[in-house]
Structures are given as C-alpha cells and as structure tokens.
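The values are calculated or read from the model by the stated rules, or taken from the named source; none is laboratory data. Model, not experiment: these values are computed from the prediction. Cβ atoms come from the backbone with ideal geometry, glycine included; neighbour counts cover every protein chain shown.
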Amino acid sequence: MATDRDATYLSIIIEPIKVCANYKPKLGQGAGVGLSLDEFQTLYRSDPFYSWFGLDNPLMYAAHKAAGGMTSIYRQIGIGCERLIRTILQDEIGLNPEEVSWSYQVPRSGNKVRTLSLDCRIPLESVKEAAKREQVRDWILKSAAALQVKRPIAKSLQGVVFEVRQGYKSKDSKRQNADLANAATAYTQAYLPCAMILSSQIDSDIVIRYKSEKWAILTGTLAGNSLTSTYRFMQEIVGYDLAGFFGRHKEALNREVAVVLQALLNAN
C-alpha cells in the first residue's frame, strides 16, 4: 500500500543512482573527473606499447567505463539505502537528525583528531513511544543473547548503531578491521553494533568473523525473523514495510538502472 512518503523515499534512492550515468574512467590519471573517449584515445595512442596492441580501441574505453561504472552503481545504491534508512528511522520512531546519527573521534598525531561514524542509530532514550522503546530494547537483548554477549553487558546497552550496506562480498581486510574497531567503540558507548545488509549478498566468512566480534547481522532475506532479516526488522521493530516499498517501485528502480547501464556500456 503506497503512502504519502513514497515519492520522497523513491527520490532518496534514485538520485544517487543517476550520478552513475556520468561516470568516466580515470585510468590512473589522478583525482579528476575522468577521461572522455577522445582523451582516452589521445593518452593511449601516445603510449607506444598500448598503441601496438590496439588498446586505444573505443571498445576498450567502453570496458573501462563499464567496469568502473558497475562499482559506482553498487556504491550509489548503498548510499541511497543508507540515506533512506536514516529517513525512515526519523519518520517512524520520531528521531531527529542528531539523534539518528552516531560518530566518535580518535586522536591522531599533531594533536589532531579523526571523526569516524556508522550510518545511523536508535538511542533508546530518544524513542518517545514507550511501547516502541520496549520493543527495541527487547530486540537488543535478544540479539545480544544470540551473540552470546554476557547478560549484564547486554542489559547495559542503551541503543543500537547500524552500518547499512547494499551487500558485503568484499574481502577488504582494511574495511573489516575498521568495522571491528567501530564495534568495539560502540560497546564502550553502550550501543549494540548491527550490520544491516539490504541484499542477501554477504560472504559467509564475513558473517562468521563479524558475529565472533559481537556484531548483529541482518541480511536481505524475506524469510527469517527480526533478528536475522533486514525486512522483518524494519517491519516488526521499526514499523515500516521496506520490502513492500521496494516491491511497489520495482519498475521505476529497474528503469533508472537500465538507463544508467545503457549510458555506461556506450563508449560515447
């Protein structure tokens, strides 16, 4: 059933995706906006080795453009989902932008600090509706129990912080280590860390490692329960049918991605 918020939510998801249509490969040429086809061919034709192999072919440019653009699509969908979840938490639970955000600082050399953050949070003290607050608290206790967090620690938790991603198949150890550091800090601030994955695409080794470090993990399955499924959690605990929203707007989302793919697969 469509709601008055559907148009706003759809825009939050689609706007980042549209950015991908303008993607241009940088090809190791610094941090600029990327190279056009003409600039690519000028660069490759000036390189004797590449020109001998005919790598200045427009199809090679299209391949570079598509490869980088695919990564950009996944990234931008993730950004849109992150923004959408934050907005839904504000609308359904009544959190303000400050309450739904979570960050902390770590010292750096030269008396400097670095600010790190996760994507959103639900602080129990900010949940105004008593029944909803107890529902979130109960979910935190059950999640902590499933992770074998000791009961006294679980009872001290004052909320949950989320890392929102469209999927998680990367074996990037630097990213994983950063996530585990975030989790450790979250516990010191009395928050349960939770990875909220919108798809079912998550590497099983990552699940094992994160759970061993006491991360709660929700994945994009339509089955399961609120302790395992992103969509069951959103519907039963937050109070919003996120799967229903995506289902209602499947055609519009398909159409936007198709436009971007056509742009990326064309050398021009």
Residues of segment 35-57 being assigned to a helix (DSSP H, G or I) and either surrounded by fewer than 14 Cβ atoms within 10 Å (Cβ to Cβ) or touching a Ser or Thr at 6+ places or on another chain (Cβ under 6 Å) (or both), which ones? 38, 42, 45, 48, 49, 51, 52
Filter segment 162-217 down to the residues that are under 23 Å from residue 106 (Cβ atoms), in a helix (DSSP H, G or I) and of a type in the set (Val, Ile, Thr) and list them by number. 185, 188
From the list 46, 51, 72, 11, exactly one residue is free of Cβ contacts under 8 Å to residues at least 24 places away in the same chain and touching a helix residue (DSSP H, G or I) at 6+ places or on another chain (Cβ under 9 Å). Which is it? 51
What residue, of 18, 65, is assigned to a helix (DSSP H, G or I), in contact (Cβ under 8 Å) with a residue 40 or more places away in the chain and touching a Pro at 6+ places or on another chain (Cβ under 6 Å)? 65
Is it true that residue 243 is at positive phi and at pLDDT 95 or above? no
Does residue 117 satisfy the condition of being on the phi < 0 side of the Ramachandran plot, more than 20 Å from the chain's Cα centre (by Cα) and surrounded by 10 or more Cβ atoms within 10 Å (Cβ to Cβ)? no
